Amino acid sequence: MSDDFLKNPLSLFDIKGKTALVTGATGAFGALAAQVLAGAGCNLVLAAGGAEALKKVTADCEKLGAKVEAVNMRPSSAAICDKIVEAAVKRFGGVDIVVLAAGINKVQKIVDQAPEAFAEVMDVNVTQSWLMARAAGKQMLAQGRGGKVILMSSARGLLGHPAGYTAYCASKSAIDGITKALGCEWGDTGITVNAIGPTVFRSPLTAWMYEDNERATTVRKGFITRVPKGRLGEPSDLAGPLLFLASKASDFYTGHILYADGGYTAG
């Protein structure tokens, strides 16, 4: 390998002009990923089900200078996933980076949870991620220039939780399995497959944990005793790992779950 990169090591993280496809683009991580990739100079294909929220994320990314193709669809079938990829090819000529950020959670003790609720979590978090990776992978393989697939895992893929997380933990463990298996399957193709596994980070769903009141302080204090870094996560803590996994800097990394958790899973 040439040492030309030593003249400009930051070039390893340069993804300007790449085309990135983000599913779940209106969710907490999906919207953040879209804006990080927009700021890094990517063309974007944003897929999500909520039309109004999708318009907002699209506008936010366009303000950062990105060209955006918004696709108001969830990756709920093989045919729809093919259409999302086709939109990327039609607008930008291909796909270089895929971020699979769609996901849900239904917190409920197992004896109280309906089988249909468990099945829905597994469908959205696992099956739809598999379908989208399949559709995007076919396009990347046909292009023959490699690519980056980034899945959304969680510390809960590795660790359990007493509050009623059997569906969510099972789904994220499955994402970890897909990441490892697909990393092996596509190892010699130039396509890398990795996942980001955060713990609690600031988002609309977790905003209450960051508030200055008795309930939030008690919960936060108890949680932080398990976090060596001594604080909850911020969106910026996910931006760096995302950029690393989306860029040439991670070309020798595949099948990994990168925990953005302040050391939570280390203890």
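The values are calculated or read from the model by the stated rules, or taken from the named source; none is laboratory data. Computed from a predicted model, the values in this text were never measured in an experiment. Positions of Cβ are backbone-derived with ideal geometry, glycine not excepted, and every protein chain shown enters the neighbour counts. With ligands, DNA and RNA removed, areas are computed over all heavy atoms of the protein, side chains included. Shrake-Rupley method; radii C 1.70, N 1.55, O 1.52, S 1.80 Å.
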Which numbered condition trips up residue 5, out of (1) assigned to a helix (DSSP H, G or I); (2) at pLDDT below 95; (3) surrounded by fewer than 13 Cβ atoms within 10 Å (Cβ to Cβ)?
-> (3)
Looking at (1) farther than 20 Å from residue 264 by Cα; (2) free of Cβ contacts under 8 Å to residues at least 60 places away in the same chain, can you tell me which one residue 210 breaks?
-> (1)
Has the stretch 211-226 got any residue that is under 24 Å from residue 41 (Cα atoms) and open to solvent by less than 90 Å² (accessible area, probe 1.4 Å)?
-> no
Among the residues of the stretch 246-267, count how many are modelled with pLDDT of 95 or more and open to solvent by 70 Å² or more (accessible area, probe 1.4 Å).
-> 5
Here are 77, 11: which of them is closer than 17 Å to residue 132 by Cα, open to solvent by 10 Å² or more (accessible area, probe 1.4 Å) and in contact with a helix residue (DSSP H, G or I) (Cβ under 8 Å, 6 or more places away or on another chain)?
-> 77
Across the stretch 144-173, what is the total count of residues that are open to solvent by 30 Å² or more (accessible area, probe 1.4 Å) and either under 16 Å from the mean Cα position of the chain (by Cα) or under 27 Å from residue 85 (Cβ atoms) (or both)?
-> 4
How about the stretch 207-218: which of its residues are assigned to a helix (DSSP H, G or I) and more than 26 Å from the chain's Cα centre (by Cα)?
-> 214, 215, 216, 217, 218
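Residue-by-condition table, conditions (1) under 30 Å from residue 6 (Cα atoms); (2) of a type in the set (Val, Ile, Thr):
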position: 162; (1), (2): no, no
position: 191; (1), (2): yes, yes
position: 214; (1), (2): no, no
position: 226; (1), (2): no, no
position: 233; (1), (2): no, no
position: 259; (1), (2): yes, no
position: 266; (1), (2): no, no
Before we move on, is residue 134 modelled with pLDDT under 95 and basic (Lys, Arg)?
-> no
Is the stretch 182-202 home to any residue that is free of Cβ contacts under 8 Å to residues at least 40 places away in the same chain, part of a helix (DSSP H, G or I) and over 23 Å from residue 34 (Cβ atoms)?
-> yes
Which of the residues spanning the stretch 129-142 are more than 11 Å from residue 171 (Cα to Cα) and in contact (Cβ under 8 Å) with a residue 40 or more places away in the chain?
-> 130, 131, 132, 133, 134, 135, 136, 137, 138, 139, 140, 141
So is residue 20 surrounded by 13 or more Cβ atoms within 10 Å (Cβ to Cβ) and either free of Cβ contacts under 8 Å to residues at least 60 places away in the same chain or among the charged types (D, E, K, R) (or both) or not?
-> no
Among the numbered criteria (1) over 15 Å from the mean Cα position of the chain (by Cα); (2) of a type in the set (S, T, N, Q); (3) open to solvent by less than 50 Å² (accessible area, probe 1.4 Å); (4) more than 15 Å from residue 97 (Cα to Cα), which single criterion is violated by residue 139?
-> (4)
Of the numbered conditions (1) surrounded by fewer than 22 Cβ atoms within 10 Å (Cβ to Cβ); (2) hydrophobic (A, V, I, L, M, F, W, C); (3) out of contact with any Gly (no Cβ under 9 Å at 6 or more places or on another chain); (4) under 27 Å from residue 161 (Cβ atoms), residue 87 satisfies every one except a single condition; which is it?
-> (4)
How many residues are surrounded by 21 or more Cβ atoms within 10 Å (Cβ to Cβ) and either outside any helix (DSSP H, G or I) or over 18 Å from the mean Cα position of the chain (by Cα) (or both) if we restrict to the stretch 31-67?
-> 9
